[in-house]
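Just below is one structure, and these are the notes that go with it.
The values are calculated or read from the model by the stated rules, or taken from the named source; none is laboratory data. As the structure is a prediction and not an experimental result, all values here were calculated from the model. Cβ atoms come from the backbone with ideal geometry, glycine included; neighbour counts cover every protein chain shown. Note: areas computed on protein heavy atoms with side chains; ligands, DNA, RNA excluded. Shrake-Rupley method; radii C 1.70, N 1.55, O 1.52, S 1.80 Å.
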Amino acid sequence: MGVLCPCGVNVNGFSLNNNVTFTGQTGTVEGNLLYIGDVCVATLGTSSLSLSFTDTETPGENSFVFIANAITSVTCKQEGQNCVVTVAGTGLVNDVQFPFEAVFRDQVATAENDDVQSFVITGFFDQNGAAPVPQGSITALGCQ
């Protein structure tokens, strides 16, 4: 059996029709977000996180894949019955490195969507507020 993670997040979720912003561009761009991650504070070196954005407004123009190459910080915070996990570090978009911070909220209530409260790739992209993902897409570890 594996080591229990004292603080981390597993995410495999999508969010449709989000208005995001890109550094240096005016206005927002509509598209779909896909988040995949397996992050644990005890195993930062083997943790993974990616974000794929598919531009549905101007197909192909702003689409990208971000892959974290160094996760340097993971924090867990209990908010009521829910757990919020903040992940930070650096990652690549088209071989260019950017710092990032992502905040994942695992909603306990089964009727509520989980959500990615924020995902900012500094100097490149901001998802521009919370993005709902289907319940069960985010499993936070370490807030019990």
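Given points 7 Å out from each Cα along the Cα-Cβ axis, report the L92 to V108 separation in nanometres with one decimal.
Output for this residue pair reads 4.1 nm.
On full extension of the chain, what length is gained from I36 through A130, given 0.36 nm per residue of separation minus the C-alpha to C-alpha distance?
32.2 nm
How big is the Kirkwood radius of region 70-111, worked out from every pair of different alpha carbons and given in Å to one decimal?
So the Kirkwood estimate lands at 11.7 Å.
Only one of the listed values, [x] 25.8, 78; [y] 14.8, 50; [z] 13.7, 39, was derived from the coordinates as Rg and Dmax of the Cα atoms in Å; which label is it?
[y]
Tell me, what is the per residue accessible area of the chain in Å², probe radius 1.4 Å?
50 Å²
What is the percent carbon and sulfur in the accessible area of the chain, measuring with a 1.4 Å probe over the protein chains and ignoring ligands?
Within the chain, the accessible surface is 52 percent carbon and sulfur.
Please report the relative contact order for region 1-52, taking Cα pairs under 8 Å with a sequence separation of at least 6, and give it as a percent rounded to a whole number.
Value for region 1-52: 37 percent.
Between T21 and C143, what length comes free when the chain is fully extended (0.36 nm per residue of separation minus the Cα-Cα distance, one decimal in nm)?
40.8 nm
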